[in-house]
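What follows is one structure encoded as structure tokens, with my remarks underneath.
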Amino acid sequence: MQIEKVRSYPTPRYPTAVQFHETEKITRYMPRRWRAKRLVGQVLLITAVTGLCSCTVPTSGENAGKQTEAVRKTDLSVPLFVHGEGRGSFGCDSVLPPVYLSEDEAAQVIRETAREYGVDFSGKGTVESRKLPYTNVYGVEMDDTYKGTLTLDGYDSVLGIGYEYVSQKDVSDWHKDTNIMSTVETFDMKGTAERLTNAVKNTAVFYDPGMDYSTMPEWHSEDDWERAVDEYHARQKERMTEDLRAQVVDFLEWLRGQGVI
Amino acid sequence: MHYTLHLTDRCNLACRYCYVKKGSRDMTAETAKRVVDLASDGGHHGIVFFGGEPLLCREVIEETVAYGEAKQKRGEGFFHYKITTNGTLLDAAFLEYACRHEIFIALSHDGLAQDRCRVDPAGNGTAKRLEPVVKMLLAEKPYTPVMMTVTPETLTLYADSVKYLYGLGFRYIICSMDHSADWREEHLPMLKRQYRALASFYREKSKKEEKFYLSPFEVKMASHIRQHDLKTERCELGKKQLSIAPDGRIYPCVQLIGEEYCIGDVTNGINEAKRQALYQLNEQEKEECLDCAVRDRCNHHCACVNKCATGSIASLSPFQCAHERILLPIADSLAERLYSERNALFMQKQYNDMFPLLSLTEDRTI
């Protein structure tokens, strides 16, 4: 093993303490677990007001400005907001007809909710990534990715932030063939959304919340079966819409917390 | 200043990588008290009980603490106490004593590699014996740090061991490489894999806002976030820490106990010229590092690491160099990610000097 000099090393895209306190307020970042405890908030406020939170070491050197610039250019990595199991399947093992929220149904919920927060997702945008996910609907664990451009489902050109809704159709369209096939098709919208979230910047990823198999009403005849299925469908859609809306609200609240809106 | 008292050469274990020369020397209470005298300049100082296994010398610990407390009452100094133990002799009585006298306990535990590395003289593993000790210790002292050593033989268990220790309830995990081991080029890909796995684990915990201190990442993140502070906090041989052997001789570091590094004794005090000479030798920038881009973020100044790996504090450890080149980009990538996600716990932990106070307030508030 040899000693090896590092010839060049990129400036990290997170700020030094001095840079942070020049541009941000620490009080904006309140861990969820602290919010429930008023005393913690009070201590945070007191220490912030009295300047105890800040780093007081002066910065100097020719790289200081360059580093600040590098940090300001940092893109937003939006977390995934989880509401709903996000799975569905169709085939010999599936005992109930699957219910999915289509792209159009989802767009209506997402755009309406976003408008209430002043976010306009009516624009068009794309995002480039080296790690867009392939999927597999035959139960093969798939972590293959590809480099490409994703056309987003909505984009706010003022904020520079878009969204992508991972529907059952997306999971099906992004399927990568393997040698394995099955009579059961399983659609993992949530898992796909998690992988996509890690691959893109400035993009909120929502997903089809999927079904809740436990709510099928009882039926007693063939006619009754149709009624039960219709009722089941309606109830599922209602719940799925609420789960999706909860994902969007969480995202918008998070965005507000970042000071973006 | 921290004064580390090697209370004894003896140990009830025979850890495979231990660097302490086993013997039968014990420090007398008088010698330990002379150390407290040395530290009695009215300032704040740490008294660290170390070994061998320091719990083989409980009476000396108790006498030393009583002596220090009496001095503190007279305004001759402020002392805080710490003990580093293998845990096998830690019982409820000592724990109660440690709580009463505010003695900070650090436990050595190698996680899943415990039975492989930390064995008794007959070669028996000690993991099982430690289970009730860990429970008892964390119930009383939930902030107890655990210190884990990684060897080439246990490298594949590195990430899983950290997860295991986290599962036991430890939230402050200090990881050290065994720098005296035979590290080879073929170990490096595995080291990278382990750090990547640890980065995922760290991120997962951060996203859930679960408190977690993992020393390799914290140190590297801090080397960017607190650049200036870190430069002044690096190894300053013999200036921030002194080690005192059982016979009362003073050395600049726990791993540099040996004739050539002796810088004084508890009776005659410190030989300043010798201490300064060692400090200057260690401060000289190594030629190989002169124009390295990560020189200021690297731990190449650590005298004991260089000594362990090369036999000399003036020579660089090639493994340390490789380790830093692997760890740094992984730690930076992790921090970039948490920053871009505006992870609130990460922000508070890294950018708020008052985080320990806030964290304690949270823990103490119902």
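A few notes on this one:
- Filter result (part of a loop (DSSP other than H, G, I, E, B) and away from chain B (no Cβ under 14 Å)) within the range A:180-208: A:I180, A:M181, A:S182, A:T183, A:V184, A:D208
- Helices (runs of 4 or more DSSP H) lying entirely in the range B:155-256 (those with 3 or more residues that are open to solvent by less than 10 Å² (accessible area, probe 1.4 Å) and closer than 19 Å to B:L334 by Cα): B:158-168, B:188-207, B:215-225
- Condition check for A:D177 on (1) assigned to a strand (DSSP E or B); (2) of a type in the set (D, E, K, R); (3) open to solvent by 70 Å² or more (accessible area, probe 1.4 Å): one failure, at (1).
- Some residue of the range B:292-300 being open to solvent by less than 50 Å² (accessible area, probe 1.4 Å), within 24 Å of B:R226 (Cβ to Cβ) and among the acidic types (D, E): no
- Whenever a residue of the range B:295-319 is closer than 18 Å to B:D182 by Cβ, its partners that are among the acidic types (D, E) and in a helix (DSSP H, G or I), lying with C-beta atoms within less than 8 angstrom and at least six residues away or across chains, give the pairs B:L316/B:E288.
- Filtered residues of the range A:171-198 (kept if without any contact (Cβ under 8 Å) to a residue 60 or more places away in the chain and closer than 28 Å to A:R111 by Cα): A:V171, A:S172, A:D173, A:W174, A:H175, A:T192
- Qualifying residue in the range B:39-51 (condition: more than 30 Å from B:G311 (Cβ to Cβ), outside any loop (DSSP other than H, G, I, E, B) and small (G, A, S)): no
- Failed item in (1) facing chain B (nearest Cβ under 7 Å); (2) open to solvent by less than 30 Å² (accessible area, probe 1.4 Å); (3) assigned to a helix (DSSP H, G or I), with A:V18 passing the rest: (1)
- In the range B:263-294, the residues that are under 21 Å from B:S24 (Cα atoms) and either in contact with a helix residue (DSSP H, G or I) (Cβ under 8 Å, 6 or more places away or on another chain) or within 14 Å of another protein chain (Cβ to nearest Cβ) (or both): B:V266
- Cβ-Cβ under 9 Å pairs, at least 6 apart or on other chains, the range B:354-365 side among the hydrophobic types (A, V, I, L, M, F, W, C), far side exposed (fewer than 15 other Cβ atoms within 10 Å of the Cβ): B:M354/A:L52; B:L357/A:L52
- Those residues of the range A:120-136 which are assigned to a strand (DSSP E or B) and surrounded by fewer than 17 Cβ atoms within 10 Å (Cβ to Cβ), in sequence order: A:S122, A:G123, A:T126, A:E128, A:R130, A:K131
- Residue satisfying condition, being of a type outside the set (S, T, N, Q) and at pLDDT 85 or above, within set A:R227, A:R256, A:R195: A:R195
- Test result for A:G139, within 27 Å of A:Y232 (Cβ to Cβ), assigned to a loop (DSSP other than H, G, I, E, B) and of a type outside the set (S, T, N, Q): yes
- Selection count where residues are in contact with a Phe, Trp or Tyr (Cβ under 9 Å, 6 or more places away or on another chain), at pLDDT below 85 and either under 19 Å from A:F206 (Cα atoms) or surrounded by fewer than 13 Cβ atoms within 10 Å (Cβ to Cβ) (or both), scope the range A:138-153: 1
- When B:C117 is tested against (1) surrounded by 20 or more Cβ atoms within 10 Å (Cβ to Cβ); (2) over 20 Å from B:L90 (Cα atoms), just one condition goes unmet, and that condition is (2).
- Of all residues in the range B:52-77, exactly one satisfies the criterion of being part of a loop (DSSP other than H, G, I, E, B) and in contact with a helix residue (DSSP H, G or I) (Cβ under 8 Å, 6 or more places away or on another chain), namely B:G77.
- Members of the range B:121-152 that are part of a helix (DSSP H, G or I) and either among the β-branched types (V, I, T) or within 30 Å of B:E186 (Cβ to Cβ) (or both): B:A127, B:V133, B:V134, B:P152
- Among the residues of this structure, A:D104 does not count as one that is modelled with pLDDT under 85, in the same structural domain as A:S122 (by TED's automatic domain parsing) and acidic (D, E).
- Selection count where residues are open to solvent by 30 Å² or more (accessible area, probe 1.4 Å) and either small (G, A, S) or not in a helix (DSSP H, G or I) (or both), scope the range B:314-364: 6
- Among the residues of the range A:21-43, those that are aliphatic (A, V, I, L, M) and at the interface with another protein chain (Cβ under 8 Å from one of its Cβ atoms) comprise A:I26, A:M30, A:L39, A:V40, A:V43.
The values are calculated or read from the model by the stated rules, or taken from the named source; none is laboratory data. Bear in mind the structure is a predicted one, so any value in this text is a computation, not a measurement. Cβ sites come from the backbone with ideal geometry, for glycine too, and all protein chains shown count toward neighbours. These accessible areas exclude ligands, DNA and RNA; they are computed on the full protein's heavy atoms, side chains included. Shrake-Rupley method; radii C 1.70, N 1.55, O 1.52, S 1.80 Å.
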